[in-house]
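What follows is calculated from the coordinates using simple rules that are stated; it is not laboratory data. Since we're looking at a predicted model, the values are computed, not measured. Cβ sites come from the backbone with ideal geometry, for glycine too, and all protein chains shown count toward neighbours.
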Amino acid sequence: MTMTPLAWRPMLRAALVIALCASAGTLISGCSSASLGAAGGAAAGTATGIVTANPAIGIGVGIAVQAVTTESINRYYRVMHGDQQNVIAALVGTMKVGDTRPWNVKHTLPIENGHGQIRVTRAFSSALADCKEFAFSVADGDEATSPEHWYTAAACQMQQDKRWWKWASAEPAVDRWGNLQ
């Protein structure tokens, strides 16, 4: 049975819906972006392979869905981490050396919410920016007894634009932030 390209569209659309549902279920269960992409790709590839009876098309669709799903989730996490960094940097800008304050972020979806403490440890200026170094914690839960993990970073305010403070540290080796800064 030979099908025209237009006849494939409803089948591919159905495969994509199945993949997105599988990815959403995996996302809610708290899996990583790599496993979400793999799950979505596998679901889409399997569904397409079954519907079309052509495993090559199923593999192609599976790989494409996996790539799109993984990139979309990584982008979402970058935005969520950016929200956390912006909240922390804004608070640091209002603090003096030695001050300690709590921070927290609540997103619409309960993913990548965070809270902890900030302590400003040093302030310094250059011709380009005013900067503050600080230590911040990230709590592992919402209970008062939840363990906190501490990290160090810096935030700066550019001399020519005094409207906001921005995160100024690159920490690719830190597991908590990974390469999603």
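Please give the FRET efficiency for Lys162 paired with Phe124, using the beta carbon to beta carbon distance and R0 = 22 Å, rounded to the nearest 0.05.
It comes to 0.85.
Working from Cα pairs under 8 Å separated by at least six residues, relative contact order for region 80-167 is 27 percent. Net length available on complete extension from Val79 to Thr94 is 3.1 nm, with 0.36 nm assigned per residue and the Cα-Cα distance removed. FRET efficiency for the Ala135 to Glu71 pair, using the beta carbon distance and R₀ = 35 Å, is estimated at 0.60.
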